[in-house]
Amino acid sequence: MTATDLQRFSVNGTRKTVLIANDDGIFSPGIKALALALARVAEVRVVAPDVEQSAVGHGITIRRPLRFRHTASAGFGDSVPAYRVDGTPADCVVLGVHLLGVPDMVISGINLGPNMGHDLTHSGTVAAAIEGLAFGVPSIAFSQVSSEGGEYDFTAGAEYAARLVQHVLSTRLPPRTLLNVNFPAGELKGARVTRLSDHRYEDTLVRRQDPDGKDYYWVAGTIRADEVGDDTDYGAVMGGYASITPVRLELTAQDLLGSLADTLPDVGQQVGTKI
């Protein structure tokens, strides 16, 4: 089923509509700050996981039923209806679109921690935005770096997010393209349009033993980034700027189509029954 087959997000008046999801859960301070800021520029609905779903990527739930519950205790106020789902960030967007209607935009975040470079391959925050693209809806993912003490102040980021969302609602985005936005921990000096860096986690495997002497494992990692130029998301954020990276959902290596067709066995040839 496509977005054109679904009911539109219905509200009174002419305000634009926004569906907000995340991967930190419905009780995260990041999604609350974002929703309350966006409520000043659009009609907002929140659909978020009932528990943290960080690093689940673009997983969807297909082997068990999902629950969709209104959750007043999340503290968004009467003007922002909020619902929790016992599933992944992508599940939240699927249920939100089908049950509440197709919005004018899907927003994800504000994530507790950055999503830069290679993080996009496993980020549940970015996956929710990608799921919005699957419905043909413009989408933005927001994330923020913590302070050295692990604290977050979302005031500046949420305010800028509202301005950016208002702009995109009026100008739209190219098809199959989302914006991945990361905020610095401290003062927000401004914003830069950036490319993805090579920011990544270099995995290590830690083996330990439980009280019965049986092995178990932790997957740990060290953050590393070698590309730190001002034109990268990492360089901008470390310099105190919001990084805005356009990300296109196009996985085909277009430049290889011709050369592979010329070199791979039997490509473009009639293949017999025997090899």
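When the chain is fully extended, how far beyond the present Cα-Cα distance does SER73 get from LEU249, taking 0.36 nm per residue of separation?
59.8 nm
Once every DSSP H run of n ≥ 4 in the chain is given -39500 (n - 2.57) and the sum is divided by its residues, what mean residue ellipticity at 222 nm do you get, rounded to the nearest 500 deg cm²/dmol? List each step's numbers first, then the result.
Details: 6 runs with 63 residues, N = 275.
My calculation for the chain gives -7000 deg cm²/dmol from helical runs alone.
Hey, with R₀ at 30 Å, roughly what FRET efficiency would ARG176 and ASP198 work out to, going by the Cβ-Cβ distance, to 0.05?
The value I calculate is 0.80.
Here are labelled values, [x] 57, 21, 16; [y] 31, 26, 23; [z] 35, 24, 15, and one is the computed semi-axes √(5λ) of the Cα gyration tensor in Å for what I pasted. Which one?
Comparing each candidate, only [y] matches the computed number.
Given a Förster radius of 22 Å and the C-beta distance between LYS189 and ARG163 as r, what FRET efficiency does 1/(1 + (r/R0)^6) yield to the nearest 0.05?
It comes to 0.90.
Compute the longest continuous run of the chain that contains no exposed trypsin sites (Lys or Arg not before Pro); treat a site as exposed when its DSSP state is not H, G, I, E or B and it has at most 15 other Cβ atoms within 10 Å.
The segment 68-171 is the longest one with no such site.
In whole angstrom, how far apart do the alpha carbon centroids of the stretch 74-93 and the stretch 56-71 sit?
Here the two parts' Cα centres lie 12 Å apart.
Work the Kirkwood hydrodynamic radius out for the stretch 200-275: mean of 1/r over every pair of different alpha-carbon atoms, inverted, in Å.
When all Cα pairs of the stretch 200-275 are included, the Kirkwood radius is 18.4 Å.
How much length is gained on full extension from THR121 to ALA261, taking 0.36 nm per residue of separation minus their Cα-Cα distance?
Working: separation 140, 0.36 × 140 = 50.40 nm, distance 2.81 nm.
My answer for the length gained is 47.6 nm.
What does the convex hull of the Cα atoms of the stretch 6-119 come to per residue, in Å³, rounded to a whole number?
Taking the convex hull of the Cα positions in the stretch 6-119, it is 108 Å³ per residue.
Could you calculate the contour length gain from LEU205 to SER146, that is, 0.36 nm times the residue separation minus the distance between their Cα atoms, to one decimal place in nm?
Extra length from LEU205 to SER146 when fully extended: 18.7 nm.
Where in the stretch 134-155 does the label zone of THR222 land, with the point 7 angstrom along Cα→C-beta and an amide N cut-off under 17 Å?
none
Only the coordinates and a few stated rules stand behind these numbers; no lab work does. Computed from a prediction, not measured in an experiment: that's the story for all the values here. Glycine gets a Cβ as well: all are built from the backbone with ideal geometry, and neighbour counts include every protein chain shown.
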